[in-house]
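The structure under discussion appears below in the form of structure tokens.
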Amino acid sequence: MESHTHEMEATPNGPRREAARLLFERNLEIYRDALATTQRLRERAVWSRLRLQQQGLRRTDRVRRLLIILRIDDGRLPDAIVPVVSGAPGFGGECDACDGYMPPTRLMMAIPHGDDTFAFLHADCYVIWKAQVHLRAALRHSPRGAGRIHCSTGCVAP
């Protein structure tokens, strides 16, 4: 009789256990899909963040380049490469090219400019300045480029 009672209990619980197992498997599948989706979204967010940072850096470089071109044009920065340029840690002042802060932890370049004066630039601004000065020198010495620098953009004018 006991075995018969045990069989009767197992029969009603059998469909419940099967339903619970199917529900568990379905929830597990949903959970795994959610994890995969979350991972894809995280990867997409990282990629988007990197693209935004790169765009910001390119925009910053364009703004710096324009500031440097304008400051070469108005005489606040030298328009020729000088033989002696020194590099040292920043001193906490402003960059003469972009007006940005020069912390003591970053490299700063000192460019002689006039009698006993220097232009102090971030290393990044120095690279842009040097490229602009080389471009201007090349255009001045080129028969096709002489006098064709557009003052506000640094581009060759037609």
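The values are calculated or read from the model by the stated rules, or taken from the named source; none is laboratory data. Given the structure is predicted, the values throughout are model-derived calculations rather than measurements. Quick reminder, even Gly has a Cβ in these numbers, built from the backbone with ideal geometry, and neighbours come from all protein chains shown.
Numbers below:
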| read-out | value |
| --- | --- |
| Criterion (at pLDDT below 85 and under 30 Å from Q132 (Cα atoms)) met by exactly one of G87, G56, G93 | G56 |
| Residue match in the range 127-138 (condition: at pLDDT 90 or above, surrounded by fewer than 17 Cβ atoms within 10 Å (Cβ to Cβ) and not in a helix (DSSP H, G or I)) | no |
| Flag if A119 is part of a strand (DSSP E or B) and over 25 Å from L135 (Cβ atoms) | no |
| In the range 56-77, the residues that are part of a helix (DSSP H, G or I), free of Cβ contacts under 8 Å to residues at least 40 places away in the same chain and loosely packed, with under 15 Cβ neighbours inside 10 Å | G56, L57, R58, R59, T60, R62, V63 |
| Residues of the range 81-116 that turn out to be surrounded by 14 or more Cβ atoms within 10 Å (Cβ to Cβ), over 22 Å from the mean Cα position of the chain (by Cα) and part of a strand (DSSP E or B), as a count | 4 |
